Amino acid sequence: QVQLVESGGGLVQAGGSLRLSCAASGRTFSSYTTGWFRQAPGKEREFVAAVSWSGRITYYADSVKDRFTISRDNAKNTVYLQMNSLKPEDTAVYYCAAADSGIPSTRWEYNYWGQGTQVTVSS
């Protein structure tokens with residue numbers, strides 16, 4: 001079992017930065033791929049980024065590539081999402097998720113989810 005808790009969301013102006021954290025409990029967390037998804041009001045939950053269990057492989061949605069960086073610190077059981085050059089369209093609830101195989105970009109392949117943290121970008 002893996003429990004995930006997101007933090008770091010908030011209100012920021014367009015062009016600003018935020019860093020989200022996902023703290024995990026469970027001794028096997030370091031063996032899971034971890035991803036970030038987001039869901040804006042009235043929209044489907046969409047993939048943002050994922051990082052392999054080792055941290056060596058990362059994968060991003062085109063909409064955030066070159067602006068967001070995903071990383072992990074397995075010693076701290078934490079995954080991060082550094083978000084720079086934020087845009088109003090980045091406004092959403094951001095969710096952390098863990099998958100036990102591959103580096104998937106579809107929500108159906110993730111086994112565990114956090115409760116989400118709100119990110120609001122004002123124009």
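Throughout, read-outs are computed from the coordinates displayed, never taken from laboratory work. Note that this is a predicted model, so its numbers are computed, not measured. In this analysis, Cβ positions are derived from the backbone assuming ideal geometry, glycine residues included, and neighbour counts consider all displayed protein chains.
All alpha carbon pair distances within region 1-67 were sorted into 10 Å bins beginning at 0; the resulting P(r) in whole percents reads 16, 46, 32, 6. Each label was represented as a point 7 Å from its Cα along the Cα-to-Cβ direction; for residue 46 and residue 87 these points are 0.9 nm apart.
Note the per residue figure in Å³ for the convex hull of the C-alpha positions in the chain.
89 Å³
Projecting the Cα atoms of 93, 83, 63 onto the charge dipole of region 39-107 (Cβ charges, centred on the Cα centre) puts 83 farthest toward the positive pole.
For region 64-119, compute Rg over Rh where Rg is the Cα radius of gyration and Rh is the Kirkwood radius from the inverse mean 1/r over Cα pairs.
On the way: Rg = 12.4 Å, Rh = 12.9 Å.
Ratio of gyration radius to Kirkwood radius: 0.97.
Efficiency by 1/(1 + (r/R0)^6): what FRET value for residue 74 and residue 13, r their Cβ-Cβ distance, R0 = 30 Å, to the nearest 0.05? Numbers along the way, then the final one.
On the way: r = 33 Å, r/R0 = 1.11.
Calculated transfer efficiency: 0.35.
The mean sequence separation of alpha-carbon pairs under 8 Å and at least six residues apart, normalised by the residue count of the chain, gives a relative contact order of 36 percent.
Magnitude of the charge dipole for region 34-123, about its Cα centre and with charges confined to Cβ atoms of Lys, Arg (+1) and Asp, Glu (-1), is about 140 debye.
Distance between the modelled labels on residue 63 and residue 103, one decimal in nanometres: 2.1 nm (7 Å Cα→Cβ projection).
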